[in-house]
Amino acid sequence: LVPDADAWIFTSRDREEELAAFARRLKAERRAGRLTADQRVALVVRRPLPYLYLARDVLGRAGIPYETRDTLPLAAEPFAAAIDVLFEWVTSGFTRAATLAVLRSPHFRFLDGEAPLDGRAVVALDRALAEARYLGDPDRLAALVETWSALPERRRHEHARLALPAARAAAAAAACLKPLATPRSVGDHVATLMAFLEHYLRPLADDDPLHSREARVRSAVVGACQSLAAAYAAFDAEEALDVTVVAAAVRRWLGAQTFAPPTGQGGVQIVDPATAPYG
């Protein structure tokens, strides 16, 4: 809503619209010659979030460079959620839904031989596991793979035949994470998790515009997990903990970490009211 001439406050429906209005106003000022490109401009916000998230899309689409000194929660990065997906897979007992969530995660790469796993195989695995009344357990999953592989091609059910590549990949990945289901030290749990990530993480493409950010996030998450393991090793080296306790500790640890995304040099400064008076 546009206020009258005596009003001091402009009201937007949401923060994204607020940023879009700021971008339009900035461009209008520059077109009118009242603001040159070399003049300093600040967007003053009461709290950095969620403006820091929205600025990447709204100001990026408007072609307006910006800079910020604030850091973002590491736990809010997509790769941190991928760690949660793995913990959920283990704590759920390797259920069908959790298995499919891992196979469909864009952060991991599963192969059928040397070729990437086909999405149709994952869909077929969903149906085949439902027909087999699979409720969980990596040993049961491995047994299904053996059963389907032993059947002659003509005797395999259609879903089982199409699902076999995805079933083999899921069984191998589940076997890699199976040690997490046994109470062990935090160091052992983290070592198992790191081994899985080293084997199954999707390589980053050099031409990916998010390559730098994603690589830094991965390094920060892995470093946080290793720091947590080192902290436990210093004080509770021999204590065997269940994976649910370790998962909760990792979530809390990541929630306490921050991440500074690269925002380039120059452009609009996004600052809070305490910083703005000091330029």
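The values are calculated or read from the model by the stated rules, or taken from the named source; none is laboratory data. Note that the structure is predicted; figures quoted are calculated from it, not measured. Using ideal geometry, Cβ is built from the backbone for each residue, glycine included, and neighbour counts are taken over all protein chains shown. These area figures cover heavy atoms from the full protein model, side chains too; ligands, DNA and RNA do not enter into them. Shrake-Rupley method; radii C 1.70, N 1.55, O 1.52, S 1.80 Å.
Quick check: anything in region 46-53 aliphatic (A, V, I, L, M), assigned to a helix (DSSP H, G or I) and at pLDDT 90 or above?
So far as region 46-53 goes, no, none of its residues is aliphatic (A, V, I, L, M), assigned to a helix (DSSP H, G or I) and at pLDDT 90 or above.
Just name the residue that is nearest to Val186 (Cα to Cα) out of those in region 197-250 that are modelled with pLDDT of 90 or more and charged (D, E, K, R).
Of everything passing the filter in region 197-250, Asp242 is nearest to Val186 (Cα to Cα).
The rows are residues; the columns are (1) open to solvent by 80 Å² or more (accessible area, probe 1.4 Å); (2) farther than 30 Å from Arg168 by Cβ.
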residue	(1), (2)
Ala23	no, yes
Arg30	yes, yes
Leu43	no, yes
Leu52	no, yes
Ala55	no, yes
Ala75	no, yes
Val102	no, no
Asp118	no, no
Arg133	yes, no
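With the condition kept exactly as written, say whether any residue in region 84-96 is farther than 30 Å from Met194 by Cα, touching a residue at least 12 places away in the same chain (Cβ under 8 Å) and outside any loop (DSSP other than H, G, I, E, B).
No, the conditions are met nowhere in region 84-96.
For region 184-279, which helices (runs of 4 or more DSSP H) that fit wholly inside it have 3 or more residues that are touching a Gly at 6+ places or on another chain (Cβ under 7 Å)?
211-235
Hey, any hits in region 115-123 for a residue that's over 25 Å from Trp253 (Cα atoms), of a type outside the set (Val, Ile, Thr) and in a strand (DSSP E or B)?
yes
Could you check how many residues of region 188-217 are out of contact with any strand residue (DSSP E or B) (no Cβ under 7 Å at 6 or more places or on another chain) and either open to solvent by 40 Å² or more (accessible area, probe 1.4 Å) or farther than 24 Å from Ser92 by Cβ (or both)?
19
Between a first residue in region 12-41 that is under 18 Å from Gly63 (Cβ atoms) and a second residue that is small (Gly, Ala, Ser) and surrounded by 14 or more Cβ atoms within 10 Å (Cβ to Cβ), which pairs have beta carbons less than 6 Å apart while being 6 or more apart in sequence or on different chains?
Sorted first by the residue in region 12-41, then by its partner, the pairs are Ala23/Ala62.
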